[in-house]
Structures are given as C-alpha cells and as structure tokens.
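Heads up, the thing below is written out as structure tokens.
The values are calculated or read from the model by the stated rules, or taken from the named source; none is laboratory data. Since this is a predicted model, take the numbers as computed values, not measurements. Heads up, the Cβs are rebuilt from the backbone with ideal geometry, glycines too, and the neighbour counts pull from every protein chain shown.
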C-alpha cells in the first residue's frame, strides 16, 4: 500500500511507494523537503523478516569459501559492511484536492439537477391541476396524483443515476461535469457503502433531525486543511480532481 502524508510546508497530500519509507520527498507544489513516514508500524512477521538485510539473517556455518577453499573460511571474521546508498529525493504522487469553490459549485449543480427533475411533475400536480375547472368524477385528483408520481419518479431517477455513477467511478453527475471524484483515504474507489450509504444517506438522515444546524456544521468543516466536510469524515473519503 502506498505511503500517504502531507507536506510540512503547504499541506499538500503526497503519495510515495512503500520502498521510500524513511527517505525524503520534495513537494512539487512548494519545493519543501518533507521526511517520508515509515511504513506500517506492525507489518506481518514474514514481511519483516524478508526486509531484513542478509547480514542479519540467522548464522549458518559455511563449508567452503566463495573460491572453494574450506580453509579460507573464518567464522570469527567481522561481518562485511556495505556502503549505504545516499538518501535522495523520492518520487512522489500528489493528490490534488478539489478546490472549495469547485466543490461548492458542484453541490449547487447537483441540487439544481434534482430541482429540474421534479419540474414536470410539479407543473402537472400544482399548476395544471388547480388552474383547470373542477370536473366531476375525480379528474382533478387523478391529474394531481399523476403529478406527484412524476415528482417522486424524477427524484428517484436522479438518485439512482448518482448512486450508480458513484459506485462505478466515485462521481455524481455534477462531479463528473466539473472533473472531480470521491475516493477513500487510501485512494481506492468508495463503492456503495462509503460513497453512498455513509457519505450521502447517513448525513441526510442526520439532517432530518438537526436541520439547518447540521447543514451549516457540515459545510463549515470544508475550511479545514484537509478540505473534508463532516460527511467525508463519516465515510472516510475525500474529493480530488480527476
């Protein structure tokens, strides 16, 4: 798994391969040199043993020296040391976090898409049904019911499309339009659980009870250095540029 860390100077999120643990990385954004953290502190024992230098492997008696003469072998000889490779700058892969402005516009466009989806049903249920003369036989009630079904159907259609897109690519309709995607903190796709259930449906359920207070707190959290709203923290996700 790649090592992820933040630049000490500008806070940009960087990613390096596992083998660069303990080296230094030069931030492509500000040029600051940042130490690369060590890999997972509790690696499996087998992986740890494989990573040990050969000189530290369990001692095994040798029957012959490299040239084939058994009398040239000295078991009391000091271990041969190797020249350390000078530390250099490790290649880094940057995570370009989506800007706050782009995320705001994307959220606004997502809301507008839902609004557009309910317009046909709203016109039929509210405007058309109540402006026409009252008829016998429940004609107006039928038109109103059809309008309500169109409203619900429009909302469900957008929800389903967004859910499928997020599960496949981490992008809602608006995020795809503006070149953003949702990903987990390890860079993997969010899938249904993290991208939809925890990131969208759980915050919506919380908003039912706390209303505007929740919406305000969730939005303000994006001004942190990580640019993650509360719903991002709940799901363990972030939004990056594609």
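Tabulated data for the structure shown
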quantity	calculated
Residue list for region 190-242, filter: in a helix (DSSP H, G or I) and touching a strand residue (DSSP E or B) at 6+ places or on another chain (Cβ under 7 Å)	194, 195, 199, 232
Selection count where residues are over 15 Å from the mean Cα position of the chain (by Cα) and either surrounded by fewer than 16 Cβ atoms within 10 Å (Cβ to Cβ) or without any contact (Cβ under 8 Å) to a residue 12 or more places away in the chain (or both), scope region 193-209	8
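Okay, residues lined up against (1) within 13 Å of the chain's Cα centre (by Cα); (2) at pLDDT below 95; (3) at positive phi:
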{"position": "188", "(1), (2), (3)": "yes, yes, no"}
{"position": "191", "(1), (2), (3)": "yes, yes, yes"}
{"position": "211", "(1), (2), (3)": "no, yes, yes"}
{"position": "216", "(1), (2), (3)": "no, yes, no"}
{"position": "220", "(1), (2), (3)": "no, yes, no"}
